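These notes are about the structure you will find just below.
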Amino acid sequence: MLIIDSKDCENIDKALKKYKKKFEKSKVLLQLRARQAFIKPSIKRRGEVLKAVYKQQLATGKFD
């Protein structure tokens with residue numbers, strides 16, 4: 001549960017903006033989307049390896 005401390009004189013728009021930022025930082029929506037379908041651990045690992053290879057190629061400048 002997200003709790004936003006708001007002052008009495010604070011604008012509702014500012015409080016809503018704070019709430020949206022906290023919601024984004026908590027990554028609740030990403031977890032919800034990830035749990036919609038089961039992904040096998042081997043496929044997760046394969047994706048992580050491919051991502052690491054891609055990052056390494058970008059860092060070294062050997063990207064095709």
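No lab work stands behind these numbers, since they all come straight from the coordinates. Computed from a predicted model, the values in this text were never measured in an experiment. FYI the Cβ positions are ideal-geometry reconstructions off the backbone, even for glycines, and counts take in every protein chain you see.
Here are a few things to note about the model shown:
- Of all residues in the range 14-47, those satisfying the criterion of being small (G, A, S) and under 15 Å from I3 (Cβ atoms) are A15, S26.
- Residue check, K25 loosely packed, with under 10 Cβ neighbours inside 10 Å, under 17 Å from the mean Cα position of the chain (by Cα) and either outside any loop (DSSP other than H, G, I, E, B) or touching a residue at least 24 places away in the same chain (Cβ under 8 Å) (or both): yes
- A residue that is out of contact with any strand residue (DSSP E or B) (no Cβ under 7 Å at 6 or more places or on another chain), in a helix (DSSP H, G or I) and free of Cβ contacts under 8 Å to residues at least 40 places away in the same chain occurs somewhere in the range 34-41.
- Hits in the range 1-15 - residues which are in a helix (DSSP H, G or I) and exposed (fewer than 12 other Cβ atoms within 10 Å of the Cβ): I12, D13
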